[in-house]
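The values are calculated or read from the model by the stated rules, or taken from the named source; none is laboratory data. In this text, all values refer to a predicted model and were calculated from it rather than measured experimentally. Here the Cβ positions follow ideal geometry from the backbone for every residue, glycine too, while neighbour counts run over all protein chains shown. For the accessible areas, the whole protein counts, side chains as well, though only heavy atoms, and no ligand, DNA or RNA atoms are used. Shrake-Rupley method; radii C 1.70, N 1.55, O 1.52, S 1.80 Å.
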Amino acid sequence: MMSSDHTLIVRARTAFESAYVPYSEYRVGAAIETTDGSVYTGCNIENANYSNSLHAEEVAVAAAVKDGQDTFERIAVASAARDGVTPCGMCRQTLAEFADGSLKVLCDKGAEGVETYTLTELLPKTISEETLQNADGQ
């Protein structure tokens, strides 16, 4: 059973409560819904070496993939600031590995509601298997 957009946002908000953010203090949570209606959550986990930090979207995708889920319908992203945060470029590319451009990306703006994008709107020129194959042929 698919959850409502509001329910998915609430799951993302709940996820950011577990964030480990001693450096930025910027809590982010994500809730990703699979095509069968299962929901997996993740939060950001910082590291003093910033390149080793994990983003909430990555953690949610990893949890789903670990359970054998790799097709997604929607993802909700929320920060404690409720500022409409969107997935960063790296997370957008990760999402593109498992979802097509129609993936709904719900961004929490708090009292202002939810801003919804498609993955294609956020990442119009993704790197794909086809891109790599075309590069090999040149």
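Side notes on the structure shown:
- 0 to 90° range, to nearest 10: angle between helix 56-66 axis and the chain longest Cα axis: 60 degrees
- This model, with +1 at the C-beta of Lys and Arg and -1 at the C-beta of Asp and Glu, gives the stretch 1-127 a dipole about its Cα centre of some 140 debye.
- Across the stretch 1-61, C-alpha contacts under 8 Å between residues 6 or more apart give a mean separation that, scaled by the residue count, equals a relative contact order of 30 percent.
- What the pair-distance distribution of the stretch 46-109 shows, using all Cα-Cα distances binned every 5 Å from zero, is 4, 16, 25, 26, 18, 9, 2, 0 percent.
- With every protein chain in place, the stretch 5-138: carbon and sulfur % of accessible area (1.4 Å): 49 percent
- Degrees between helix 89-98 axis and first principal axis of the chain (Cα, 0 to 90, nearest 10): 60 degrees
- Label point distance in nm, Glu112-Phe98, each placed 7 Å from Cα along Cα→Cβ: 2.8 nm
- Equivalent ellipsoid dimensions for the chain as semi-axes, Å, which come from the Cα gyration tensor, largest first: 24, 18, 14
- Thr120 paired with His6, simple spin-label distance in nm, labels 7 Å along Cα-to-beta-carbon: 3.0 nm
- Looking at the stretch 1-60, the accessible area is 52 square angstrom per residue; that uses a 1.4 Å probe and ignores ligands, DNA and RNA.
- The slack between Arg82 and Thr131, meaning 0.36 nm per residue of separation minus the straight C-alpha distance, is 14.1 nm.
- The amide H of Glu73, built 1.01 Å from its N in the peptide plane, has Glu33, Thr34, Thr35 as neighbours under 5 Å, considering only residues 5 or more places off or on other chains.
- All lysines inside 29 Å of Lys66 as judged from Cα atoms, apart from same-chain residues fewer than 8 positions distant: Lys104, Lys125
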